[in-house]
Each structure stands twice: as structure tokens, then as C-alpha cells.
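A short write-up of the structure that comes next.
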Amino acid sequence: MFANTSLIILWTSGVLVTAFALFRGGRPEQIGASINLACAIAAELAHMVWGPEDSSVPLLLIDFALALGFLLLAVRFASIWLGAAMLLQAAQFSLHAWYIVEERPHDLFYFRVNNIDTIGISLVLVIGTVMAWRRRRRMAREEAARELSLSEAASAAPTEPPAPAA
């Protein structure tokens, strides 16, 4: 019961974070959230196709793809939140690699770290989206204030009297 509830909560929050990033975030947030959701769907498909026991290598490849996606976004857009997402995904990748190399079955520690890491990436995406949204709003206010001051300056400027007709 608890596993199903936590899975529903994680999926719902993931979809909500993606929707928030798509509608309120900038280009890097939109791409990052889309890549994150696509990899989450790919992970679920890997579980369905290979089963929980045999999906370790496909999950490692999916984690690698997500880490690479965050790395490319971080290099392209040079954002702090992207760096944090990339580091969290690197931890996720390392967790999967460690369990594969040690041939350990997925235990409670694995699931806890996996879920905490997933929540951390979602939080970082939300923080990045809020920062981009606030930055756009601030820039729009500054632009409106600049246009208002220019129009006030233009209306307050003395007009020259017309030249006398010759």
C-alpha cells in the first residue's frame, strides 16, 4: 500500500513540476523538465519490459541519458539550478552503478536514496522555474518603467515654436 501511495505521489509531483516548468519556466527549465519526465517514463517502461530485477542496465542507461541531458543544458545555459540537477543525477547514476557492480539486490536504502534524489531533482526544477519566472517579471517591470520614463520625458520636453512664415 505504501509503495503504491509513494509512487502515485512521485508521479503526480513529477507531472505537476513538468507542467509548471513548461508554462512558467524559461527555455532551459522547459527542456530540463521535459527530459526528466521522458526519462521517468522510460524507466517505468524498462520496469514493465524487463521487470524490476533485470532492469538494472536499462535504468543505468536512462540515468546516463538524463545526466548527459542536464550536463548539456548546464554547459549551454550556465545556470546554477542545472548544475545542482546534474550533480543530483550523477548521484543517481552512481547509485545504480554501485548496485550493478556489487550485484546487490535493490533494498530499502536503494529505494530511499532513489526517491530522495528524484524529489531533489524536482525541487531544483521548481526553484529554477521560479527564478526564471521572477527574472522575466522583473525585466518586464523594468522595461515598462523605462518606457514610461521615456514617454514622460518626451511629453515634458519643451516644444519649439513654429518658425515664422516667410
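The values are calculated or read from the model by the stated rules, or taken from the named source; none is laboratory data. A quick note: this is a predicted structure, and the numbers were derived from the prediction, not measured. Here Cβ is always computed from backbone atoms with ideal geometry, including for glycine, and neighbour counts include all displayed protein chains.
Scanning the stretch 109-148 for residues that are polar (S, T, N, Q), more than 15 Å from I80 (Cα to Cα) and in contact (Cβ under 8 Å) with a residue 24 or more places away in the chain returns N115, T118. Of the set (1) in contact with a Lys or Arg (Cβ under 6 Å, 6 or more places away or on another chain); (2) surrounded by fewer than 16 Cβ atoms within 10 Å (Cβ to Cβ); (3) hydrophobic (A, V, I, L, M, F, W, C), all apply to A140 but (1). For the stretch 54-101, name all the residues that are outside any helix (DSSP H, G or I), surrounded by 15 or more Cβ atoms within 10 Å (Cβ to Cβ) and under 16 Å from the mean Cα position of the chain (by Cα). Of everything in the stretch 54-101, just one residue is outside any helix (DSSP H, G or I), surrounded by 15 or more Cβ atoms within 10 Å (Cβ to Cβ) and under 16 Å from the mean Cα position of the chain (by Cα), namely S79.
Residues being within 24 Å of A97 (Cα to Cα) and in a helix (DSSP H, G or I) are represented in the stretch 13-23 by at least one member. Within the stretch 33-53, can one find any residue that is of a type in the set (A, V, I, L, M, F, W, C), closer than 22 Å to V113 by Cα, free of Cβ contacts under 8 Å to residues at least 12 places away in the same chain and not in a helix (DSSP H, G or I)? Checking the stretch 33-53: not a single residue is of a type in the set (A, V, I, L, M, F, W, C), closer than 22 Å to V113 by Cα, free of Cβ contacts under 8 Å to residues at least 12 places away in the same chain and not in a helix (DSSP H, G or I). Annotation note: Cβ proximity below 9 Å between a residue of the stretch 97-108 that is over 23 Å from A65 (Cα atoms) and a residue that is of a type in the set (D, E, K, R) and modelled with pLDDT of 90 or more (sequence gap 6+ or interchain) occurs for no pair.
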